[in-house]
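Since the structure comes first, as structure tokens, the remarks are kept for the end.
The values are calculated or read from the model by the stated rules, or taken from the named source; none is laboratory data. Treat the numbers as computed from the prediction; the structure is a model and nothing was measured. Positions of Cβ are generated from backbone atoms using ideal geometry, with glycine treated the same way; all protein chains shown enter the neighbour counts. We work out accessible area using only protein heavy atoms, side chains counted, and drop any ligands, DNA or RNA first. Shrake-Rupley method; radii C 1.70, N 1.55, O 1.52, S 1.80 Å.
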Amino acid sequence: MIKLKYRIAANQIRKAFGRGDKKRDSSKTTPAGIVRFDNILYGDDKKLQKWQLLDVYRPKAAVSEDGKLKKLPVIVIVHGGAWVYGDKDVYQFYGMNLAERGFAVVNYSYRLAPEAQFPSSLEDSEKVFQWICDNSEKYAFDCQNVFAVGDSAGGHLLTLYAAAITNEDYAKNFPFIKKKPLVLRGIALNCGKYNMDEALAGNRQTKMLLGALMPDGGTPAEVKLINGYQYLTKDFPPSFVMTCKGDFLLTQVPFIISSLEKNGVRHEYRCYGTEEKPLWHVFHCDPDLPEAVICNNEECDFFSSLCL
């Protein structure tokens, strides 16, 4: 049974975040140059189809003379939301904006806490990457050039996933992650959460969210397991790390940057906004914002530089 305090905390976050996202997207529509394939079930359990759905966005112009889809590099979106909020619909306009830059974008929902606890979200992420392999011909995915973006809690989840597929010792904790004919060529970590130790030091909000997320409520062993930045190796994907002045997770950046540097992983770091004109957490999800245009251009340019 889910503890009442976790339900209450999750519902408060869902209401607060939901209001902001609805306001941001209220006037947005599907761009004329995008074709979208919506509400595709990527899991094999129909009981979970509320969660295990994805969309695919592609530029309409990316077709050959005979009408077939042209193979495109892929961007997978790992949404944020404090592990308890969010789905693909909240990220649809951001995702289609990325697709306008010449990518096939896979935007998915995953199981949330406290209804589903870790590693459910990681299991769902693995299913999405496997689905991309299984459907590469149908949607013309270039599986040798797959990228991913993750923000906030999604940045945390993406760090865990990227560490698990590049660190054999860490991967032993997640036997459901299998080798597949796909190359995660690079990732972007946006306004991410990387170090969970503060919960053990008494940060009330983080401790509450960890309690909702982890099966045993966020024990020291569980916190160690999900401190993904500590499991990077030299094989971790090249990474674009960004935050901004005004981001409440700005102090998290040194943890991931120091680990990337220590392991010799190619990376670029950007901090947008200024002290005089600060931005806000995950500002880049509003594609109409001038600073978001710059950020998303730079991330996609980073991905394009990595394509083979």
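Annotations
- Once C-alpha pairs closer than 8 Å and six or more residues apart are averaged by separation and normalised to the residue number of the stretch 81-173, the relative contact order reads 24 percent.
- Listed values for the stretch 115-129 are Karplus-derived 3J(HN,Hα) couplings in whole Hz (6.51 cos²θ - 1.76 cosθ + 1.60, θ = phi - 60°), namely 4, 10, 9, 4, x, 3, 5, 6, 4, 5, 4, 4, 4, 5, 5, and x replaces Gly and Pro.
- Cβ-based net charge around Gly18, under 14 Å, with every Lys or Arg adding one and every Asp or Glu removing one: +2
- The largest accessible area among Asp55, Asp134, Asp21 belongs to the first residue in Asp134, Asp21, Asp55, and the rest follow in falling order (1.4 Å probe, all chains).
- Normalised by the number of residues in the chain, the average gap of Cα pairs under 8 Å and 6 or more apart makes the relative contact order 16 percent.
- Along the stretch 272-283 the Karplus relation, 6.51 cos²θ - 1.76 cosθ + 1.60 evaluated at θ = phi - 60°, assigns HN-Hα couplings of 8, x, 9, 4, 6, 10, x, 9, 7, 3, 6, 4 Hz to successive residues, with x for each Gly and Pro.
- Less than 5 angstrom separates the built amide H of Val35 from those of Arg58, Lys60, all sequence-distant by 5 or more or on a different chain.
- From the coordinates of this entry, Rg/Rh (Cα atoms, Kirkwood Rh) is computed, and it appears in (1) 1.04; (2) 0.94; (3) 0.98 under the label (2).
- Ranking Lys207, Lys28, Lys46, Lys127 by solvent-accessible area of protein heavy atoms (1.4 Å probe, all protein chains present), from largest to smallest, gives Lys46, Lys207, Lys127, Lys28.
- For the stretch 36-189, the square roots a ≥ b ≥ c of the C-alpha gyration tensor eigenvalues yield an a/c of 1.5 or more together with a/b exceeding b/c, which makes the shape prolate.
- ³J(HN,Hα), Karplus 6.51/-1.76/1.60, whole Hz, each residue of the stretch 37-44, x for Gly, Pro: 10, 10, 6, 8, 6, 9, x, 10
- For Ser239, the shell of other residues with beta-carbons less than 9 Å away shows a net charge of 0, using +1 for Lys and Arg and -1 for Asp and Glu.
- Simple spin-label estimate for Arg14 and Lys46 gives 2.4 nm between the two label positions (7 Å along the Cα-to-Cβ direction from each Cα).
- Bridgeable aspartates and glutamates around Lys179 (alpha carbons under 20 Å apart, same-chain partners fewer than 8 residues away excluded): Asp44, Glu123, Asp124, Glu126, Asp134, Glu137, Asp142, Glu168, Asp169, Asp235.
- Estimated from helical segments only, the mean residue ellipticity of the chain at 222 nm is -10500 deg cm²/dmol, where each DSSP H run of four or more residues counts as -39500 (n - 2.57).
- Counting only lysines at least 8 places from Lys70 when in the same chain, those with an alpha carbon closer than 20 Å to its own are Lys60, Lys138.
- Using the Cβ-Cβ distance between Arg101 and Gln130 with R0 set to 45 Å, the FRET efficiency works out to roughly 0.95.
- Listed by chain and number, the lysines whose C-alpha is less than 16 Å from the C-alpha of Lys234, apart from same-chain residues fewer than 8 away, are Lys262.
- When only alpha carbons are used to place a centre, the stretch 114-191 and the stretch 198-221 end up 24 Å from one another.
- For Tyr269, residues with placed amide H under 5 Å, excluding near neighbours: Val241
- Förster radius 45 Å - calculated FRET efficiency between Asn173 and Lys245 (Cβ-Cβ, nearest 0.05): 0.80
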